[in-house]
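The values are calculated or read from the model by the stated rules, or taken from the named source; none is laboratory data. Please read all numbers here as calculations on a predicted model, not as lab measurements. Cβ sites come from the backbone with ideal geometry, for glycine too, and all protein chains shown count toward neighbours.
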């Protein structure tokens, strides 16, 4: 298949693109044209719809103008993936396209950078080289920020973006999900100097035929009698801590199930700022107790008996314990709950969600499954249950668990090769890696973060239809988080539309003022 003649509209840039045999997709072409027309652009596109081709088109445009280009990806595996893809998509000598990561020695990086036209790199590596004076952006015409929703706070993306804006370099941010909060999206727009937003969703006219169907199944799971028994023992302890804070005039929630996690963190900061006195000690006592117990409770009812038990044991195992913790662990209710959990585990009892996972696996035996879970203890439990029930599984966790990127890479290669069928992943599996061919995605629990929800769902349905199973423990925060994430996703589209309208107005006003003498 020859290159589609419609690409020729891009002029000389089209001659630098190696698109022979690649299907022409109108939305990719339109987005590239829009970026060239409008300048710094945030591109929001569902996972699996070819953001890399859009990036390559922008790079080709910069090259056609005699400038260099930079393509940034947040992790080494993703940078390597983009390097191989971009190398194939550009009609450029191989030595002119280089991959830069922290694993490459400084001297080698400097020599490679000076002779390159296109750099694919991790942001921290580029930021370090810019600060050290090893790399200059003066000759660059475009910088692509993949997974650009990370461009907040002190992340290296923000430093690099600022360097680009000083030099008037074209910035393109690529993401499947920038977030649903207006403040966050505005911060992202400001950090990247965004002047225009291009959004596509799965139902858009020029996208819909390329989107594989995803069948979402939300499965409510009732708590077992044992979990309810242990939960009922812990509840009075939590309510006592809540009442202590209420009496001090610090907290006015009657039901701890309704306490937003952010509000709880905010309360801790508030108490920390209080002057040291008996009032502060009383507040800290109740707050510390509430924090530990609500976490333990949520682990029990949402994750399982093993994660709950492991957390309680970790409190007992601490060498240095505060007076609050010493008091808590001597509580008759906590001792009873601990013993009940130990007895239940010895008897083979666990959260009904685990049995549901096994039931779903039996339905899809032999297919590739990604199972997401929040906590290490939950991942350990799930891997053990799956392997014990003839579903070969391995954990996929991050550096905090002592796993190197090379080990992560090997796990993914073994998963692709079919050496095991279930990848039980923490948040590390949500973005920044290429895992094609996943048939089923399972959420062991609901999460309130819309970005992470979109990233998780994007792991299936890339090249064929996929199924998504979301397990929700009835009567718990699972149900709240499911609702919150849905609302935030809807809000995201509204926020993006409003901000893009504002940006268009600012462009219009700016253009109108260009000819005015003041």
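State all residues of segment 306-320 that are touching a residue at least 40 places away in the same chain (Cβ under 8 Å), more than 16 Å from residue 291 (Cα to Cα) and surrounded by 22 or more Cβ atoms within 10 Å (Cβ to Cβ); if no residue qualifies, say none. Correct list: 306, 307. Of the helices (runs of 4 or more DSSP H) that lie entirely inside segment 34-131, those containing 2 or more residues that are over 19 Å from residue 164 (Cβ atoms) span 51-64, 76-89, 106-114. Could you tell me whether any residue of segment 356-371 is closer than 18 Å to residue 301 by Cβ and out of contact with any strand residue (DSSP E or B) (no Cβ under 7 Å at 6 or more places or on another chain)? Looking through segment 356-371, none of the residues is closer than 18 Å to residue 301 by Cβ and out of contact with any strand residue (DSSP E or B) (no Cβ under 7 Å at 6 or more places or on another chain). Look at (1) within 22 Å of the chain's Cα centre (by Cα); (2) in contact (Cβ under 8 Å) with a residue 60 or more places away in the chain; (3) not in a loop (DSSP other than H, G, I, E, B) and you find that residue 236 fails only one, number (1). Checking the stated criteria, residue 264 turns out not to satisfy the condition of being in a helix (DSSP H, G or I), under 29 Å from residue 353 (Cα atoms), at pLDDT 90 or above and within 30 Å of the chain's Cα centre (by Cα). Residues in segment 466-498 that are out of contact with any strand residue (DSSP E or B) (no Cβ under 7 Å at 6 or more places or on another chain) and in a loop (DSSP other than H, G, I, E, B) were compared, and the one that is surrounded by the most Cβ atoms within 10 Å (Cβ to Cβ) is 476.
The test for being crowded, with 17+ Cβ neighbours inside 10 Å, touching a residue at least 12 places away in the same chain (Cβ under 8 Å) and under 23 Å from the mean Cα position of the chain (by Cα) does not hold for residue 141.
Out of 297, 279, 311, 316, one residue alone is outside any loop (DSSP other than H, G, I, E, B) and at pLDDT below 90. It is 279.
Checking each residue in segment 174-193 for being part of a loop (DSSP other than H, G, I, E, B) and either in contact with a helix residue (DSSP H, G or I) (Cβ under 7 Å, 6 or more places away or on another chain) or on the phi > 0 side of the Ramachandran plot (or both) picks out 176, 177, 178, 179, 180, 193.
Within the set 201, 171, the sole residue that is outside any helix (DSSP H, G or I) and surrounded by fewer than 17 Cβ atoms within 10 Å (Cβ to Cβ) turns out to be 201.
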